[in-house]
Every structure is written in structure tokens, then in C-alpha cells.
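Reviewing the structure listed below.
The values are calculated or read from the model by the stated rules, or taken from the named source; none is laboratory data. The model shown is predicted, which means the values in this text are computed figures rather than measured ones. Reconstructed Cβ throughout: ideal geometry from the backbone, glycine too, with neighbour counts over all protein chains shown. Ligands, DNA and RNA are stripped out before the accessible areas are found, and what is left, the full protein with its side chains, is counted by its heavy atoms. Shrake-Rupley method; radii C 1.70, N 1.55, O 1.52, S 1.80 Å.
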Amino acid sequence: MSDVLVREVSLEQNKLLAANISRVLSLYGHITDSYIIEFFTDNLWETLPESWRIALSDLSAPELADQLLSNKTTSYSSVWPLSLLALKVTAQSLAFQRTSRHDIGSGDRKRPAEFQVNHCQSSLLDPLFRKHVKPKKQHEIRRLGKLVKKLSDVTRCHHVVDIGSGQGHLSRVLAFSQGLGVTAIEADRNLVTMATKFDHDLIYMLNKERRRLTKSASYDITSIRSPTPPRHVLACVDPQASWEEFLIQLADDTETTIDTSGSETRASSTCTQDLVTPIAASRQSVSSSDQLPFSQMNSFILTGLHACGDLSVAMLRHFARCPKVVGITSVACCYMKLTTCEVPQPPGVLAPSPQGNTHLPQYGYPVSSWVSGLPGHKLSYKSREVACHAIEDYIERLKGESDVLRVHCYRAVLETVIRGVDPTMKRAGVQSIKNAHRLPFTEYAKKGLQRVGLDSNTAIHHTVVENMLVQHQKVVAFFSLALLLAPLVETMILLDRMIFLQEQGYHCAVVPLFKPEFSPRNLVLVAAKGVRHLSDMLEDMASGHLRAGEEE
């Protein structure tokens, strides 16, 4: 089995890996726990061993990329301490592989082969599915759509529930390209409205093409079958809810549908009556009379493309506990929004309604018994936020010595200015300042002070500020160390989820499905009930792609 494409190992191996990562993070987790904006206020550089500071302080940005973050053989510009070399090798060897066989040796480091001709349009995705879809999302829905179809084939289940479906781009690929029955559930009313509109537009174009082909072939248009469009459900999936409550939510008839007459169908609930855009009478729609009501379906597959925070964990729990869920593909994101015992309500996450909620809290991390019992398993909010950074993109910035690299230093210096005015104001939300890297620091500071409600004309001690600004490269080096460890944090989170499934007897695998330079959160957790060798299934899928000439 190749560990380049698929990682499916035993429960004991995963337990050992989790324990090893826990030990590494126990020693060096203070680096990922640190806020880079406090580089000067908290003397972060001094928290590193002196030998590390000597080795890293004089490295240029390209040297940091090649010598610290690159996993390729490199020559070192000086003699590094063994502890730093050991950390680099350990971090890179313990983290999940992020590059798939599809993308090894790709001619363009940044773009998948499908975008070599046109950087904005995938050559492997039908133009009908590219409309309104950015290149990154085109890449994701094409590859994930094929994976879900493969899972559908091996589980013999042909209905998929798309969690957090957004504007329905993945749902349309699954329904119209892969021929699957799809229930798309989304909490944002505006996104459901757009998804429904895009469904209608696609059906119109399909029928237009169908009529053209029928006319040229001289046969009856009614003899041509079309896939059933996605069924949209406007609802918020509560990560604290049971799988029984989840099924009731999915079976609710407050969804939008497309009828056979070409006119709108109103949902029975008034909360979704305004979701459906009328379809012109000339637009023939797709019959859904052969699709069973959701409540009568015996099985379905769960999928989530970048389901945020606890939503990905809720999918795993439903897979493990609900007898109707036979498979899952989960692409997670926003690890900092995971609930933990220490931070039960992370910033930006709405607390669930207490009304009628008698459930004991179910935290998003850790979920497995094994990881919960490991000493040092706790992951801070900041470490989980660092794990969401686009590491490959930062390496490219380092190699190109991008001016954007100075922003971290700017913000760290500004933090000292803010605290000089008000010592109680720590980590104030300055947010992004447009083109900050192109501004002189004095102008940046004025905008930043204004953002946090302080006098923009506050006097700045220029000598002190300049002494900090010249340490720009040290700030970059410290942040690079955090990014070296960031994949370990992501691996620990995904390992916890794998172990959770394995503890209950399920087979699962982690797949680097997307090109990481294009889609940084590219690791997909796959599991199926009754399928013992997921790695074989996924390797066959990869081989089939290569034989078909899908990738260059």
C-alpha cells in the first residue's frame, strides 16, 4: 500500500502515532500556542533555545523555506543544533502526507494539471458545473464527486446527504454528473436560494442541449431521462443533537423541489416558501416521482466539503451511531472553532439553543477515548488556528521574499504601541488593513490605532520602533517554526477522529485528495460500513484516473 495516496493503518498504529505527536507537542507546543503579535511584548524569541536562535536568526526567507520547512534534501548554511534538526525530521515524519499521487511531479507547483491550459477553468469539469464556481472549488467538487461516487458503488448506496451544502456546487456534481440522489442541507437561507436558482439554470441548459440533440437525432425528447436534481433542506445541523433528531430534520418536508410542469413547487412550511425561484414555462424540469421520500430510504452516505468546526465531528458521530448511514467522506476546516472542555464556546461559534436541550455536552475535540486519556493531548485555540494556515502558500512567499511577510512584524510592533497607550488592551481586533505591506509603518499604525478606538495621532517612539522593525526576519523565523509544527496539530485532530471510528470497529482512511497548494485543507477522512479494505478501493480509484489519462 502506498502512503502517498491513502493512509489506512491499524488502531494500534494510530494510537502509537497519536502518543508520539502528543509527546512532541508537550515539548514544543508553546510555539504553536504563541500569538505572533506578541513577539515583542512577550519576548517570544527568547523562549527558543539559544542554539536555535543562533541558527535561525541570520537565515533569509528563501533559506527558511528550503532548510526549515522543505521536506526535500537540502544543504544547510550553518551547523544546526541536533535538537532543531531532530524536531524538523520528527515533525515532517509524524504528520500525514499532504501530497497525493495525482500531484507528485506536477509541472506547475501551484496549479493542478487540469488548470494548465486555462488557469480559471478546469479542463476536466463540464462547463455546466464551472459556472459561478471558483477554480479552487472546481478542483474540489470534481475530485470529491468521484470519491463519493466510488464510495457509493462499493456500499451499493445511491443517496448522499451533503452537509453544509452552501450554493450546492458539490450537490449538483453528485446529482447531475455522478447520477446520485442528493439531499442538500444548509442553514443559510440566502445560500439555499442561490443553490435552487443554480439548479434551475443547470436544468434549463441541460434541457436546451437535450432538445438540440433530440432534434438532430430525430427522436422523441420524452425518451431521454435526466438525473434527479438535489433536494434542498433549509435547516441548521446541531452538533449536539442525536442521530434520531438529525433524521427527523432530513425527513422534514420543508425543502424546495422542482416539479414536472416547469413551475415552482411551494414547500409546505412557510419558512421556505420564498426560496424557490419560478421557472419559465419553456424550461422542462426533471421528474422526481421515482425518488423515495427521505423517511423511506434505508441508507445514505454523508459528505461534507469543509464542514466547519464541530459540524465535521457531528457527521462522524452520526455515521458511527445511525444505522442508516453507511459511508462518509469528511473534509474538515476551521479547527479553531472546535469546542473543547477548556473552550466550550470558541470565538465566532454560536452557542446551541438551551431550549429543550437535555443532552450532555459533546465536545469537538477530543472525541476518542484513547486521545482523551493521553497526557498533553490538549490543543489550544491558537494551535488549532495555526493548523488552518496555508503552509504551502507561505513557503512560496518565503521563496519569493514577498513583502507580505513584513505584516506579522508590523502587527507585533503595533501591539507594543497599543499596550503603551492602554496596557489592558491585549490582542485587540485590528483585523486586516488593505495593502498593509505596502504602507510605511507610521501610516499602518495610524490605521491600526483608529481600528481599535485609540487616537491615531498617538506619539510613536521612532527609535524604539525601528529597533523592532529591523528584527523582521526573526519574526518570520518564529512563525515558520509554528508552521513546521502546524501539520502535527492537524494530524492529531484527524487521528483522534480515526481512532474514534476504529474504537467502534469501523475501517477508515485519510486521503490527500486535493492539491495542497490549491486547497490547503485537503485531507479527506473516508469510512464505510462493511468495507474492510478502503485503501484498496481508493488505490483502484487512483489507478483508474491515471489509466484514463485524467491527470498529466
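All but one of (1) under 18 Å from Phe478 (Cβ atoms); (2) without any contact (Cβ under 8 Å) to a residue 40 or more places away in the chain; (3) of a type in the set (D, E, K, R) hold for Glu38, so report the exception by its number.
With respect to (1) under 18 Å from Phe478 (Cβ atoms); (2) without any contact (Cβ under 8 Å) to a residue 40 or more places away in the chain; (3) of a type in the set (D, E, K, R), Glu38 is out only on (2).
With respect to Val133, determine if the residue is open to solvent by less than 30 Å² (accessible area, probe 1.4 Å), under 20 Å from the mean Cα position of the chain (by Cα) and modelled with pLDDT of 95 or more.
no
Is it the case that some residue within region 463-473 is surrounded by 16 or more Cβ atoms within 10 Å (Cβ to Cβ), without any contact (Cβ under 8 Å) to a residue 60 or more places away in the chain, of a type outside the set (Ser, Thr, Tyr) and part of a helix (DSSP H, G or I)?
Checking region 463-473: at least one residue is surrounded by 16 or more Cβ atoms within 10 Å (Cβ to Cβ), without any contact (Cβ under 8 Å) to a residue 60 or more places away in the chain, of a type outside the set (Ser, Thr, Tyr) and part of a helix (DSSP H, G or I).
Which one of these does Phe479 not meet: (1) buried (at least 21 other Cβ atoms within 10 Å of the Cβ); (2) over 30 Å from Ala86 (Cβ atoms); (3) under 23 Å from the mean Cα position of the chain (by Cα)?
(2)
Residue under question is Glu415, and the condition is that it be of a type in the set (Asp, Glu), within 30 Å of Ile460 (Cβ to Cβ) and in a helix (DSSP H, G or I); does it hold?
yes
Being open to solvent by less than 30 Å² (accessible area, probe 1.4 Å), not acidic (Asp, Glu) and not in a loop (DSSP other than H, G, I, E, B) narrows it down to one of Leu151, Leu191, so name that one.
Answer to the check: Leu151.
What are the residues in region 21-73 that are part of a helix (DSSP H, G or I), modelled with pLDDT under 95 and of a type in the set (Lys, Arg), if any?
none
Being aromatic (Phe, Trp, Tyr), over 30 Å from Pro49 (Cα atoms) and at pLDDT 90 or above narrows it down to one of Phe500, Phe518, so name that one.
The conditions single out Phe500.
Does Leu87 fit the bill of being open to solvent by less than 50 Å² (accessible area, probe 1.4 Å), in a helix (DSSP H, G or I) and in contact (Cβ under 8 Å) with a residue 12 or more places away in the chain?
In short, yes.
Applying the selection to region 418-442, what residues are in a helix (DSSP H, G or I) and loosely packed, with under 13 Cβ neighbours inside 10 Å?
Arg438, Thr442
Whether any residue in region 380-392 is at pLDDT 95 or above and over 23 Å from the mean Cα position of the chain (by Cα) is what I want to check.
Taking every residue of region 380-392 in turn, none turns out to be at pLDDT 95 or above and over 23 Å from the mean Cα position of the chain (by Cα).
I'd like to verify a number: residues in region 13-67 that are under 22 Å from Arg384 (Cβ atoms) and of a type in the set (Phe, Trp, Tyr), how many?
Total meeting the criteria: 3.
Just to be sure, is Val371 within 18 Å of the chain's Cα centre (by Cα), more than 18 Å from Val161 (Cα to Cα) and open to solvent by less than 10 Å² (accessible area, probe 1.4 Å)?
Considered against the rule, which asks whether it is within 18 Å of the chain's Cα centre (by Cα), more than 18 Å from Val161 (Cα to Cα) and open to solvent by less than 10 Å² (accessible area, probe 1.4 Å), Val371 comes out as no.
Might you check whether a residue that is over 13 Å from Ile418 (Cβ atoms) and out of contact with any Ser or Thr (no Cβ under 7 Å at 6 or more places or on another chain) occurs anywhere in region 444-452?
No, that holds for no residue.
Restricting to region 237-253, and then to whatever is crowded, with 17+ Cβ neighbours inside 10 Å and charged (D, E, K, R), can you tell me which residue is farthest from Ser312 (Cα to Cα)?
Asp252
Among the residues in region 367-390, are any part of a helix (DSSP H, G or I) and touching a Lys or Arg at 6+ places or on another chain (Cβ under 7 Å)?
Yes: one or more hits.
Being open to solvent by 10 Å² or more (accessible area, probe 1.4 Å), touching a helix residue (DSSP H, G or I) at 6+ places or on another chain (Cβ under 6 Å), small (Gly, Ala, Ser) and at pLDDT below 85: is that true of Ser223 here?
no
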